[in-house]
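See below for the structure under consideration.
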Amino acid sequence: MRKTTLLVLMVLCVTSALFANGTKETEVQQPVSTSSTFTGYPMEKDTPVSFWIKPGSSVTANFSSMGDTPFYKEALKRTGIDIDFQHPPIGQENEQFSLIMADGNYPDIMMYNWLSNYPGGPAKAIADGVIMSLNDIFDKYCPNIKAYLAAHPDYDKAIKTDDGQYYCVPMINTEGTGTFLGPMIRSDILAHLGKEVPTTIDEWYDVLKAAQASGISHPLASEFSQIDIRNWNPFMYAYKTDSSFFVADDNTIHYGPIEEGYKEYLENFAKWYREGLVDPDLPSLTTDQVTEKMTSGKSIAAWALVGGRMGSWIPAGQKTNPDYMLIATPWPTLGKGETPEYGWSAMPFSGNGAAITTKCKNVERAARLLDYFWSNEGHDFAYFGTKDVTYTIDADGNYHYTDLITKNTKGWTLGQMIAAYTIANYTTPTYADIRYSKEYASLPSQKEAYDIWRTNCLKHLLPPITPSPDDSKTLARIMNEITTYQRELSLKFILGTEDIDKSWDTYVANIKKMGIDQALAIENKAYDSYQNR
Amino acid sequence: MKQKISQDWQRNKSLYLLVLPVVLFYVIFAYKPMYGALIAFKDYSPALGFSKSPWVGTENFTRFFQSVYFWRLIKNTFLLSIYCLLWGFPASIILALMINNVKNKHLKKTVQTISYLPHFISLVVVCGMIADFCVSTGLINDVIAFFGGTRKPLLQDPAQYRKIYVISQIWQQIGWESIIYLAALCNIDSQLYEAARIDGAGKWKQLLHVTLPGIAPTIIIMLLLSIGRLMSLGYEKTILLYNPATYETADIISSYVYRSGLINQEWSYSTAVGLFNSVINLGLLMLANFLSRKFSDTSLW
């Protein structure tokens, strides 16, 4: 009889790990060696460090492994550390991660969102013996990381557990680099309609209506099936709410989807959907379909990434329509002239980081490798590559990519070239560089976008709190059910298959019944200890 | 006794070797994993390993039975399976009978090849095609609009989901599943048809009294196997086709296992759900076998 493939697969991993590796459960965490022979980079040749990381799509377009990029070939020369990259298939990071966890053969370094995606949270990952606490390792082998954290106490607070343990070498989104996603609209169409850039919900409605009247049947489109896009809907943030937990004005954590503001958002968005202002296929739209709609003029507004989306739509649109231009619009508000309080921005630390696992054979090498990109030299290298080859410094001290990158002859996109010669273009365990962001945003619309999309939202987005392992487990259990329900109902309210006026109260009651109050208590407890760090 | 075994071995050595890979397949992929299913009764944590993870008794099962989604998952899995069986099962028999009656050899081969080609297309591609056909500007809506209907997005309507699933399932499998009936049809003695014709039976009577009884054992065995698989719909097609708007009719046990096991990393819980599903399948198979033994001579054991 055929059982579910999944069950067989998972269970097979479990058993094979058990049979193949009978001693693994008795292994103890390796003590950090105290005698370091480090005498500066490049280090002497030794066994490669295995590094599990999700490659950016700009890398996978041209390389099967990050190790094949010119960047890492150069990095090997500079650091002397060989890296054996292990990449999960795109879109299956979580499944792959689960399988590695169940199997127990962890690579030396694993880049992952340890904060939100490890069940039980980072403290549990350390307690489970999956990853190492990095406090000693930072002290001994990572002078550059130490120096950076000492200079940035805010970040330092964010990347620890409540009891002060470092669990990963983080990706830090420094000031101004986090606003890389937001609402955008065709400025040439706006001019044609004689409308100003919309800033409020009413103005948006007015613009979308006018666009519809001019023959654009469904002016607003976004790939709503992607969780990020669904959760970061600008037309929701206008109602001062969020699609999940957020910090409200009273400095406690609230759950957005059961609050009045969220209801108003749904009512408004459902109305837009009903009137055809939003694409009718909203829940099933794929990124390619949105690209097609946005570049062909079937839609004129979306919320999307500044680089991969806006940066590729503009040149693509201009091929058929020379007037084609997109501009970023501020995160919408309800009242005219308000500063947007809510919106989305990457948190300084979102939980992504490179952890050193307990199976790491040479901890010092792994730590030195990660630390290198936090030195001034290493950081310039990480974001700009090699001086006079891939970048030059002008008279004012500004960094610019050379023609090798910007005017490549291979027909690669700018992102793909940057991803070949640097590691700036995707999530990497070091701090982000605004100089790169502005260089990468080569079009004026893109450069402006970073500032236009600034809001006060960092106050309201959930900081990297770490509930206790038991609490995390309860929380995950409760939220897995609630999230399924909330997503399902939110969509139904928008599509009009469920009547908001009639069903809203039942919906809220059901979420309460599923235990949202307990979840909120856990979140707030963790938030309190976060503030007391 | 011993002599008998060694004699048998001597005589059938090559046959045993031939069956070895199949036996190994089942040992490795079906029997060994059963041991791992024990984590359904544990609070499995990979770091603690299999033996040290604490036992929790039936907690994982109780949690599933009390879950708000329990009845919905059962209902969706059951209905989707039943519809696939109800429409898909006869479809392949009918196709086989029709192909069997085609006189032109080339036409017959062509129809056969075309009908089982979809079976070899990757599911991801098939689902991509379905998604493109079902959007409000897609092929199906073009047809609807041509006949004066209004365009509407189909893949986000819970009421349409099962139809889309079942119809595409039939399209994909009908040719492949008809092969076995075609083989059975070849085995019917042509003398029986001659005799029937002499007795004055037309095409229809021949079908009823010769053809169908001739392939009845095959049909029953296939039906038994299908019933045994009734509740074990794979998660692959579902996760490629559903979205939160259609969870109501689309979410089935295996997609739920997929979400809780591989996305939310609740290994023990998802194993418990999967195990529960397997137990139901076993029960269904035994029931079907019992009924078949009672009412006909054909059964699996």
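The values are calculated or read from the model by the stated rules, or taken from the named source; none is laboratory data. Only a predicted model underlies this, so the values are computations on that prediction, with no experimental measurement involved. Reconstructed Cβ throughout: ideal geometry from the backbone, glycine too, with neighbour counts over all protein chains shown. These area figures cover heavy atoms from the full protein model, side chains too; ligands, DNA and RNA do not enter into them. Shrake-Rupley method; radii C 1.70, N 1.55, O 1.52, S 1.80 Å.
Observations on the structure shown:
- Check on residue B:79, open to solvent by 80 Å² or more (accessible area, probe 1.4 Å), under 26 Å from residue B:222 (Cβ atoms) and part of a helix (DSSP H, G or I): no
- For residue B:90: the one exception among (1) of a type outside the set (A, V, I, L, M, F, W, C); (2) touching a helix residue (DSSP H, G or I) at 6+ places or on another chain (Cβ under 7 Å); (3) away from every other protein chain (no Cβ under 14 Å); (4) open to solvent by 30 Å² or more (accessible area, probe 1.4 Å): (2)
- Candidates B:270, B:232, filtered to the one that is hydroxyl-bearing (Ser, Thr, Tyr) and within 17 Å of the chain's Cα centre (by Cα): B:232
- Filter pass, residue A:497 being buried (at least 19 other Cβ atoms within 10 Å of the Cβ), within 18 Å of residue B:243 (Cβ to Cβ) and without any contact (Cβ under 8 Å) to a residue 60 or more places away in the chain: no
- Considering the conditions (1) crowded, with 16+ Cβ neighbours inside 10 Å; (2) of a type outside the set (Asp, Glu); (3) within 14 Å of another protein chain (Cβ to nearest Cβ); (4) in a helix (DSSP H, G or I), residue B:153 is excluded by exactly one of them, (4).
- If the condition is being part of a loop (DSSP other than H, G, I, E, B) and more than 9 Å from every other protein chain (Cβ to nearest Cβ), then region B:240-277 contributes B:242, B:252.
- As a summary of the residue check, residue B:237 satisfies the conditions (1) charged (D, E, K, R); (2) open to solvent by less than 30 Å² (accessible area, probe 1.4 Å); (3) facing chain A (nearest Cβ under 9 Å) except for the one numbered (3).
- Consider region A:434-464 and keep the residues that are over 22 Å from residue A:148 (Cα atoms) and aromatic (Phe, Trp, Tyr). The one that is most open to solvent (accessible area, probe 1.4 Å) is A:440.
- Candidates in region B:58-76 are the residues that are open to solvent by less than 40 Å² (accessible area, probe 1.4 Å) and farther than 19 Å from residue B:249 by Cα; of these, the one that is nearest to the other protein chains (Cβ to nearest Cβ) is B:60.
- Take the conditions (1) open to solvent by 40 Å² or more (accessible area, probe 1.4 Å); (2) more than 14 Å from chain A (Cβ to nearest Cβ); (3) modelled with pLDDT under 90; residue B:137 misses just one of them, which is (2).
- Sole residue being surrounded by 21 or more Cβ atoms within 10 Å (Cβ to Cβ), aromatic (Phe, Trp, Tyr) and either more than 14 Å from chain B (Cβ to nearest Cβ) or without any contact (Cβ under 8 Å) to a residue 24 or more places away in the chain (or both), chosen from A:431, A:426: A:431
Residues are listed down the side, and each one gets a yes or a no for (1) small (Gly, Ala, Ser); (2) under 19 Å from residue A:281 (Cα atoms):
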residue: A:191; (1), (2): yes, no
residue: A:195; (1), (2): no, no
residue: A:207; (1), (2): no, no
residue: A:217; (1), (2): yes, yes
residue: A:235; (1), (2): no, yes
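- Count of residues meeting criterion [open to solvent by 40 Å² or more (accessible area, probe 1.4 Å) and in a loop (DSSP other than H, G, I, E, B)] in region A:227-253: 7
- Residue check for residue B:95: closer than 30 Å to residue B:164 by Cβ and touching a residue at least 60 places away in the same chain (Cβ under 8 Å): yes
- The residue of region A:478-520 that is nearest to residue A:248 (Cα to Cα), among those that are more than 9 Å from every other protein chain (Cβ to nearest Cβ), among the charged types (D, E, K, R) and part of a helix (DSSP H, G or I), is A:517.
- Evaluation of residue B:195 against (1) open to solvent by 70 Å² or more (accessible area, probe 1.4 Å); (2) free of Cβ contacts under 8 Å to residues at least 24 places away in the same chain; (3) in contact with a helix residue (DSSP H, G or I) (Cβ under 9 Å, 6 or more places away or on another chain) (one fails), failing number: (1)
- Only residues that are of a type in the set (A, V, I, L, M, F, W, C) and within 30 Å of residue B:76 (Cβ to Cβ) were counted across region B:180-213, and they come to 1.
- Odd one out for residue B:18 among (1) assigned to a loop (DSSP other than H, G, I, E, B); (2) free of Cβ contacts under 8 Å to residues at least 24 places away in the same chain: (1)
- Test: residue in region A:296-314 that is surrounded by fewer than 21 Cβ atoms within 10 Å (Cβ to Cβ), polar (S, T, N, Q), within 14 Å of chain B (Cβ to nearest Cβ) and touching an Asp or Glu at 6+ places or on another chain (Cβ under 6 Å): no
- Among the residues making up region B:25-40, a single one is in contact (Cβ under 8 Å) with a residue 24 or more places away in the chain and more than 7 Å from chain A (Cβ to nearest Cβ): B:40.
- Within region B:287-301, the residues that satisfy the criterion of being in a helix (DSSP H, G or I) and charged (D, E, K, R) are B:293, B:294.
- Number of residues in region A:116-166 that are within 14 Å of chain B (Cβ to nearest Cβ) and closer than 25 Å to residue A:478 by Cα: the value is 14.
- Check on residue B:124, more than 22 Å from residue B:226 (Cβ to Cβ) and open to solvent by 70 Å² or more (accessible area, probe 1.4 Å): yes
- Subset of region A:65-97 [in contact with a Pro (Cβ under 9 Å, 6 or more places away or on another chain) and polar (S, T, N, Q)]: A:65, A:79, A:86, A:94, A:96
- When we screen B:45, B:51 for residues that are within 14 Å of chain A (Cβ to nearest Cβ), open to solvent by less than 30 Å² (accessible area, probe 1.4 Å) and without any contact (Cβ under 8 Å) to a residue 24 or more places away in the chain, the only hit is B:45.
- Qualifying residue in region A:341-350 (condition: farther than 22 Å from residue A:177 by Cβ, within 23 Å of the chain's Cα centre (by Cα) and buried (at least 21 other Cβ atoms within 10 Å of the Cβ)): no
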